[in-house]
1. Quick check for you: with a 1.4 Å probe and neighbouring chains kept, what is the accessible area per residue of region 251-448, in Å²?
2. Give me the one-decimal nm value for the distance between modelled label points at Trp422 and Gln228, 7 Å along each residue's Cα-to-Cβ direction.
3. Kirkwood hydrodynamic radius for region 111-212: how many Å is it when counted over pairs of different Cα atoms?
4. Explain nothing, just the number: relative contact order of the chain, from Cα pairs under 8 Å at least 6 residues apart, as a whole percent.
5. Please compute the per residue accessible area over region 10-49 with all protein chains in place, 1.4 Å probe, rounded to a whole number of Å².
6. Report, to one decimal in Å, the Kirkwood hydrodynamic radius for region 251-448 based on all distinct Cα pairs.
7. May I ask you to order 86-98, 181-193 by the average number of other C-beta atoms within 10 Å around their residues, highest value first?
8. Over region 59-107, what portion of Cα pair distances is larger than 19 Å, expressed as a whole percent?
Amino acid sequence: MAGASLDRDLTTGTIGSHFKALAVPAAIGMLFSTLYNVVDVYFAGMISTQAQAGLAVGFQAFFINMAVGFGLGAAMGALVGKAKGGRDEGRARLLAVQGIGLGVLLTAALMVIAVWLGPALITLVSEPGEYRDAGISYFMWLILALPGFLLAYGGNGVLQARGDTKSLQRALVVAFFANVGLNPLFIFGIPGVVPGMGFNGIAFSTVVSQTGVMLYILYQLFGRKIMQGLRLADFVPDVEVYRVVLRQMLPTSLSIAVMFMTGFVIQYYLKEFGGSAVAAYGIALRVEQIMLLPVLGMTGALLPIAAQNFGANDHARVREAVFYCWKLGFLMMLVACPVLWFGAEWAMGLFTSDPEVIRVGVSYLHVDGFVLPFYMMLFSINSFLQALQKPIWTLWIGVYRQGIAVALFVFLFVRVWEFDVWGVWFGVAVAVISGWVLAMWVAQKVARDVIGGLWVR
């Protein structure tokens, strides 16, 4: 059976060994996912700075739609993980099958909505001209990749809940190398044989490679022991199960949607500083993502570990997992923060030779180097709350930090205190730090109500 040996019981054995087994493959997969995006930025830079700016705004609009996929994956991780920890394989199977079925329905609806939502959002945060046109064209092609992204994340949530982070890692590694070859092929074509698609070739490469990722993840999922003997009738919508999945999914999806909307707030202010500022932000985000990869792998591993042990009613082990995650995270930040500070200019120079783009990008990364530890804590608290099946709190934290706080503080720094582009970065930093304060209070409150406290010995 495909991948059956990758299932892992996270309720026994040392916490450290489970983090190593889950976080390392997840981080490697995320590394190649980020490098995948870096390849896109690189080839867009070969076309023009305006193409890079169009990629940035188009990608941001697309990822708002991706909130559904991230939410579904988190819901599957929490629900199926708890069922596995409680040794209820029948419940785990039901949740997995119905979750994937719900994902198909949501994907179809989202593809229709995206046709008008994406261009409207891009128009709102961009100026008329070449980079707006490029962003809209890029987004429209990416709509075809929505099934690949959403169903892959939903299926991976089930695999992750069972302790398997290697399947997605393998798929993303292959997708990266495919993207390296497909990007120039689709952009430039084969002279005299196949015409190139130009800038749109970047998006079409994503459609092809991400569809491959989805097919591999679903192959691994349906090869599991608990998925054997399925009938078509098993996919008939079960309203009660859909309700359970949606209750777990929607707060997370909405929280992530708010996070992506933050990108539009930032781009709304950046557009007054020109296309170079928008392009710089898009490139700097990729650099930031690379530095956060180990943390993302680690905090992602916390979700299935905490969920399985919560299902097994081992609350002390849930707390142990959270504290282990934090200690390891701070050690990672001791390395990441100075590297980001001193290597910012070099990193930006890898993607562009435009001195203005480099200057603006470096300013963002210098401020960002001080807030990376707060991101680590926020990501881990989100995983903790999802594992305890209290995702509604992640929504309220997200609404404050990524909605209210970013809009308020960026407005104050840019429009009231006139800090130019630095004001955008300072506003984001203050929003992140104040959001961390709120998240810590919420984590302690939920822990006290659900597992008897967070600081209990």
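The values are calculated or read from the model by the stated rules, or taken from the named source; none is laboratory data. Quick caveat: nothing in here was measured; it's all calculated off a predicted structure. Note: ideal-geometry Cβ built from the backbone for every residue, glycine included; neighbour counts use all protein chains shown. Ligands, DNA and RNA are stripped out before the accessible areas are found, and what is left, the full protein with its side chains, is counted by its heavy atoms. Shrake-Rupley method; radii C 1.70, N 1.55, O 1.52, S 1.80 Å.
1. On the way: 7340 Å² over 198 residues.
Ligands and nucleic acids excluded, the result is 37 Å² per residue.
2. If labels sit at Trp422 and Gln228, their model points lie 6.5 nm apart.
3. Numbers: mean 1/r = 0.0654 Å⁻¹.
The answer is 15.3 Å.
4. Details: 772 pairs, mean separation 108.5, N = 457.
24 percent.
5. On the way: 1470 Å² over 40 residues.
With all protein chains present, region 10-49 gives 37 Å² per residue.
6. Details: mean 1/r = 0.0572 Å⁻¹.
It works out to 17.5 Å.
7. On the way: 86-98: 18.8, 181-193: 14.5.
Highest to lowest by the protection proxy: 86-98, 181-193.
8. Numbers: 392 of 1176 pairs.
Cα-Cα pairs in region 59-107 separated by more than 19 Å: 33 percent.
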